[in-house]
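The values are calculated or read from the model by the stated rules, or taken from the named source; none is laboratory data. Everything numeric in this text was worked out from a predicted model, so none of it was measured. Cβ sites come from the backbone with ideal geometry, for glycine too, and all protein chains shown count toward neighbours. These accessible areas exclude ligands, DNA and RNA; they are computed on the full protein's heavy atoms, side chains included. Shrake-Rupley method; radii C 1.70, N 1.55, O 1.52, S 1.80 Å.
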Amino acid sequence: MARRFAEYAQSEQLDEVAVILHGGEPLLAGPARLRAVCERLVAHLTPVTRLDLRIHTNGVQLSRTHLDLFDEFDVKVGISLDGDKAANDRHRLDRRGRSSYDRVLRAVDLLREERYRHLYLGLLCTVDIANDPVAVHDALTALEPPRIDYLLPHATWDHPPDRTGSETPYADWLLAAFDRWEEQGRQVSVRLFESVLSTLGGGPSLTESLGLAPSDLAVIETDGSFEQADSLKTAYDGAASTGFDVRRHTFTTLTEHPGVQARQAGVGALADECRSCPVLDSCGGGLYAHRYRTGSGFANPSVYCRDLLALIQGVARRITDWETSPAVLDPTELDFGQRELNRTLLSSAAIDRPVWKAFVAMDSGAGAQVLDTLLAQPYVRTSLLTPDPARLAEIALAAGVRAGADVRIGWPGGTRLHLPTLGTLTLDVPLGPVDVECAPDGAALRVRDGEREFGVALAGPGWRPVPVLDDAGSLLDDADPYRDRFAAPLAGRPTDDAGQRAFAALWRKARRLLDERVPGHDVGALTVTPLAPGAGVHPAAHGEPALGVAPDAEPDAVALGAWRAHRAARLRALRECADLCLAGSPAARLIDEAEHWTATARYTGDGTAAARARDALSRISGDQLTGSGKELVCRLTDEVPHV
């Protein structure tokens, strides 16, 4: 198995793989056999990829001998525990009918010791609606797990779950636990809740049991046979079987099995009821095994369908701010909210103390305004989401140059220094880690490299500035390392002088068209990035408007793209400061649709675009809109041209 998996990881160029030692109860294999397993996995997989080794156990037999072994191979340990003693003993008695609770707690206490704490993966809890959800959650959080996994008990339409006392007892139970989790300040990671929150916000699912992401799980049984997810065994005898094994078949062969491919099909594998469900993106039809019904197979909603709907909508209602935000009423409030958000992102990203001190020193007077403008630039804003110490140093230097401030920071070295919105400095000789000082006049940098100290001018052959396209301050940026944010390929090489002049001419024509079509518009400055020829015009995400433009794009398309990009950026900013609708509801998509066609209709005067905007607005359910959303929809309704 280790050899087959290593071959697959190498052929697919997988950056990381996870191997979970599972059961039954894997500790029954004993330390010697577990050592042999770990040795083989490490020997075959670590030369080709990163290996994330884990074990899931009931913890009854966990000892220091096991943990010393797991420490040696960095095997993370997840423990099954269903809550307090009463909850756990409902299903987890030993073969003599005795409680296993105290023995499991001893195992958890071992994992909480300083020596083994880094191996503590978390607790897995199967929901039983007969247990008190608050008592269960409190008992689990008291054990300080890095993460809690709440699991629905396996059930199918042929063997449905207990529904005592409610139509949605599992949602009721989980929402009570969610409320307790919120009350405690989310002090422990709870994967199910975080997955719902992630998908409601447009992010990925964090668990196999929810969401539309394709399954990435394979099971190898103790006899070497390949199986699909072992949860399928609860559907019918042989449901998980593939007929493949590691001696005769590869992991690639397994991926071609019809059952495996069915779990890769996303929306295409779901029942019609699921495809039209308002929480489709969050639920994804639930766990595949829970959809089974004799006669129709897995082409059904989950047997927990009503619970999942109630859970996701319950969480959405709890996290949605229904009040009207000042940001939707007053543009200055929106700008203030964006500045505060950018500062929050910066404070989260700036882990290098000298760099952080440089930002703090500039955060006053004219320097604060410079810093706000720089942080709002789209590629700077994007880079704050994936913090990089070298990038933050470059941002601090760029702010210092623009503000004429004295900034001293360390730089990792190399031959290339990119100052966002300003330009790129290329040195003849690569440097190691150095101290860089930005002089108050902003004309040069002072570099200290060990015994050497020299000045580097922001001019001349080694300096390539970012061209300014218009009086509003729009930039032609083809060098920022974070500019690849478009649904189209970037230009293959830096823009030469002739190319810059051509872009400037194209931009002037586009600006004139925009002035003619939308008199009095407030588009302001945009960042334009060259795309490959034939790529057209594309907006980017994050921060102030950015537009990808191919050199052969038509001025009319560039003008319309700039207008749409500006408006989309303002809508995005508003969403970052205020809730417009029920989290995860169809209203979010309809607002986007209405905004797009309103912008198009205002630019083109096209009656079809105006009709499409009005149609999108008419389909927005009022009970899904917050106070802020209602204000925005009213504004869009008034703005749609009557053509």
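Of all residues in region 540-559, those satisfying the criterion of being touching a residue at least 40 places away in the same chain (Cβ under 8 Å) and assigned to a strand (DSSP E or B) are 546, 548, 549.
Among all positions in region 385-393, there is at least one residue which is at pLDDT below 80, of a type outside the set (S, T, N, Q) and at negative phi. Of all residues in region 50-69, none are part of a helix (DSSP H, G or I), open to solvent by 10 Å² or more (accessible area, probe 1.4 Å), of a type in the set (Asp, Glu) and modelled with pLDDT under 95. Listed residues 616, 583; which is assigned to a helix (DSSP H, G or I), over 28 Å from residue 474 (Cα atoms), open to solvent by less than 70 Å² (accessible area, probe 1.4 Å) and aliphatic (A, V, I, L, M)? On inspection, the qualifying residue turns out to be 616.
Which pairs turn up if I take residues in region 527-539 that are over 16 Å from residue 376 (Cβ atoms) and in contact (Cβ under 8 Å) with a residue 60 or more places away in the chain and look for partners that are open to solvent by less than 30 Å² (accessible area, probe 1.4 Å) and among the hydroxyl-bearing types (Ser, Thr, Tyr) with beta carbon separation below 9 Å, at least 6 apart in sequence or on another chain? If the second residue must be open to solvent by less than 30 Å² (accessible area, probe 1.4 Å) and among the hydroxyl-bearing types (Ser, Thr, Tyr), no pairs are left. Apart from one condition, residue 82 fits all of (1) more than 19 Å from residue 217 (Cα to Cα); (2) open to solvent by 30 Å² or more (accessible area, probe 1.4 Å); (3) not in a helix (DSSP H, G or I); the exception is (2). From the list 234, 199, 255, 222, the one residue that fits, being surrounded by fewer than 19 Cβ atoms within 10 Å (Cβ to Cβ), modelled with pLDDT of 85 or more and in contact with a helix residue (DSSP H, G or I) (Cβ under 6 Å, 6 or more places away or on another chain), is 234. Whether any residue in region 476-483 is surrounded by fewer than 19 Cβ atoms within 10 Å (Cβ to Cβ) and in contact with a helix residue (DSSP H, G or I) (Cβ under 9 Å, 6 or more places away or on another chain) is what I want to check. Yes - at least one qualifying residue is present in region 476-483.
Looking across region 393-416, the residues that are in contact (Cβ under 8 Å) with a residue 40 or more places away in the chain, in contact with a helix residue (DSSP H, G or I) (Cβ under 9 Å, 6 or more places away or on another chain) and open to solvent by 10 Å² or more (accessible area, probe 1.4 Å) come down to 402, 403, 405, 408, 410. Being closer than 26 Å to residue 182 by Cα, without any contact (Cβ under 8 Å) to a residue 60 or more places away in the chain and loosely packed, with under 14 Cβ neighbours inside 10 Å holds for only one residue in 95, 117, and it is 117. Of the helices (runs of 4 or more DSSP H) contained entirely in region 315-389, those carrying at least 1 residues that are touching an Asp or Glu at 6+ places or on another chain (Cβ under 8 Å) and not hydrophobic (A, V, I, L, M, F, W, C) fall at 326-329, 331-349, 378-385. The lone criterion from (1) surrounded by fewer than 19 Cβ atoms within 10 Å (Cβ to Cβ); (2) more than 32 Å from the chain's Cα centre (by Cα) left unmet by residue 101 is number (1). In this entry, residue 20 passes the filter for residues that are of a type in the set (Val, Ile, Thr) and within 21 Å of residue 226 (Cα to Cα).
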